[in-house]
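The values are calculated or read from the model by the stated rules, or taken from the named source; none is laboratory data. For clarity, every value in this text was computed on a predicted model and none was experimentally measured. With ideal geometry, Cβ positions are generated from the backbone for all residues, glycine too; neighbour counts draw on all protein chains shown. Surface areas here come from the heavy atoms of the whole protein model, side chains and all, with no ligands, DNA or RNA. Shrake-Rupley method; radii C 1.70, N 1.55, O 1.52, S 1.80 Å.
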Amino acid sequence: MSEEQIMSLEKYFEERIARDEKIEPKDWMPEKYRQTHIRQMSQHAHSEVVGMLPEGNWITRAPSLRRKVALLAKVQDEAGHGLYLYSATETLGVSREELYEQLHTGKAKYSSIFNYPTLTWADIGAIGWLVDGAAIINQVPLCNTSYGPYARAMIRVCKEESFHQRQGYEIMIKLANGTPEQKEMAQDALNRWWWPSLMMLGPTDDKSVHTEQSMKWKLKRKTNDELRQQFIDQTVPQADLIGLKIPDPDLKWNEERGSYDFGGIDWDEFWQVVKGHGPMNKERMKARVGAWERGAWVRDAAMAYAEKKEKRKQAV
Amino acid sequence: MATKDWPLWEIFVRSKNGLEHRHFGSLHAADAEMALENARDVYTRRNEGVSIWVVESKHITASNPENYGELFEPAQDKVYRHPTFYDLPDEVKHM
Ligand SMILES: [Fe+2]
Ligand SMILES: [Fe+2]
């Protein structure tokens, strides 16, 4: 194809998106669109999958059967989210094996929040409330994104997320209204998860490289800072309601803006974790790669069995 | 290292009787039976379906968006296929 032809295809492509048309897998798309989507969608899938690890850590120790079935169902949902997203990513012409390979070799990133440890049961409450809460804020606008398979996957994901956040907040309510020790445990979890949750919404707008292009392709509808503000404004009253204190001395209602002002975020910590130096990065990758490798014989056996059955069928 | 990767399957789910099967997404499985079981877990955790079809992705033949014109344009100028094409007096009822 000549440069000119590509230019006019690109122009037509951008116009389609501007008209709110969806792009489907076999449609022509600029190479950059394909690559950006493979990167973002697979990162998203990896985050769902690695995100099971910190919570999976507490399934066997959930304090009641009610909590255990809820946590099991939530973690199973996250596996489902990972699978919706991986298969949506595969429609862009990349194989599942390549995607796993990228995760396992550290070439692909996943959300840095999952590199923090879950030390107490209250962390399970804090994750559902804050981490799934922040995820919802990130994900709702993606239900309208331009790439059809991604948008459809996100609609399914968003439908399921609401229960995740509610079960987490319910855990926090119970603990906050419990014994002094339980309340302290809830506060401690909030203290540890608050700042990483704010970081989860991404670098500040002046440091964010992809925003403008992402806006055009509807991979983003609001900037990171806008999303962060939205998260803070909706979460602070929820903390107030159960008598927990947001660990930010600079947090203050700003009448004029109709929003909360908040203190500075430790972006050095964020970049350290992104670069692999968070408290649990190594552990998470070890668990993930280990599960993949230890499962190899099962995958092989299933394939061998399927082939044997097929052969037998043909012989009859 | 896996000797051979599990193939990809397309999943179609009937939400309830009376509705058609609709494409829900895809997944990997060693064979059709496993694809059905996995589809149950991946796509119907909340009563989203009463029936599932699975078909290996390689068996689907899809039209090419580049041929959109030759395939679908012939239908565009056939307004006489629509009821509003026909002029009837307003007095005619139930038609
Ligand atoms: Fe999720
Ligand atoms: Fe979730």
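Suppose every K and R has +1 on its Cβ and every D and E has -1 on its Cβ; what is the size of the dipole of segment A:140-257 about the Cα centre, in Debye to the nearest 20?
Here the size comes out at about 660 debye.
Please report the relative contact order for segment B:1-79, taking Cα pairs under 8 Å with a sequence separation of at least 6, and give it as a percent rounded to a whole number.
Across segment B:1-79, relative contact order equals 32 percent.
Can you list the chymotrypsin sites (Phe, Trp or Tyr not before Pro) in segment A:24-79 that are in a DSSP coil and have 14 or fewer other beta carbons within 10 angstrom?
A:TRP28
Suppose every Lys and Arg Cβ carries +1 and every Asp and Glu Cβ carries -1, with no other charges. What dipole size does the protein assembly as shown come out with about its Cα centre, to the nearest 20 debye?
For this selection, approximately 1580 debye.
Can you work out the FRET efficiency for the pair A:ALA291 and B:ASP77, with r the C-beta to C-beta distance and R0 = 51 Å, to the nearest 0.05?
0.35
Quick one: with all protein chains in place, what share of the accessible area of chain A is carbon or sulfur, to the nearest percent (1.4 Å probe)?
56 percent
Would you be so kind as to identify which of B:TYR43, B:PHE24, B:VAL54 lies farthest towards the positive end of the dipole of chain B, taking Lys and Arg as +1 and Asp and Glu as -1 on Cβ and the Cα centre as origin?
B:TYR43
Could you work out [θ]222 nm for the protein assembly as shown from helices alone, using -39500 (n - 2.57) per DSSP H run of at least four and dividing by all its residues? Round to the nearest 500 deg cm²/dmol.
Result for the protein assembly as shown, helices only: -17500 deg cm²/dmol.
Which whole-number percent gives the relative contact order of segment A:157-255, counting Cα pairs below 8 Å spaced six or more residues apart?
Worked out over segment A:157-255, it gives 29 percent.
Please calculate the 1.4 Å probe accessible area of B:VAL79, with all protein chains present, and give it to the nearest 10 Å².
In the full protein context, B:VAL79 sits at about 80 Å².
Pairs of alpha-carbon atoms within less than 8 angstrom and 6+ residues apart define the contacts here; what relative contact order does chain A have, in percent?
18 percent
Segment A:60-75 to segment A:264-316: how many Å between their Cα centroids?
Centre-to-centre distance over Cα atoms comes out at 23 Å.
Accessible surface of A:LEU244 in the full protein assembly, 1.4 angstrom probe, to the nearest 10 Å²?
10 Å²
At most 16 other C-beta atoms within 10 Å and a DSSP loop state: those are the exposed GluC sites (Glu not before Pro) I care about. Give me the longest piece of chain A that has none.
With a cap of 16 other Cβ atoms within 10 Å, the longest stretch comes to A:22-254.
Counting only protein heavy atoms and rolling a 1.4 Å probe, how much accessible area do B and A lose on contact, total for both sides, in Å² to 100?
2000 Å²
Using amide H atoms built in the peptide plane, which far-off residues or other-chain residues are under 5 Å from B:PHE24 H to H?
Those qualifying (amide H under 5 Å, at least 5 residues apart or on another chain) are B:ILE11, B:PHE12, B:VAL13.
May I ask for log10 I(q)/I(0) of segment A:246-293 at q = 0.15 Å⁻¹, from a Debye sum over the Cα atoms as equal point scatterers with solvent left out?
With no solvent term, the Cα-only Debye profile gives -0.62.
Treating only the Cβ of Lys, Arg, Asp and Glu as charged (+1, +1, -1, -1), what charge dipole size does segment B:1-74 show about its Cα centre? Round to the nearest 20 debye.
400 debye
Which value, in Å³ per residue, describes the convex hull spanned by the Cα atoms of the protein assembly as shown?
254 Å³
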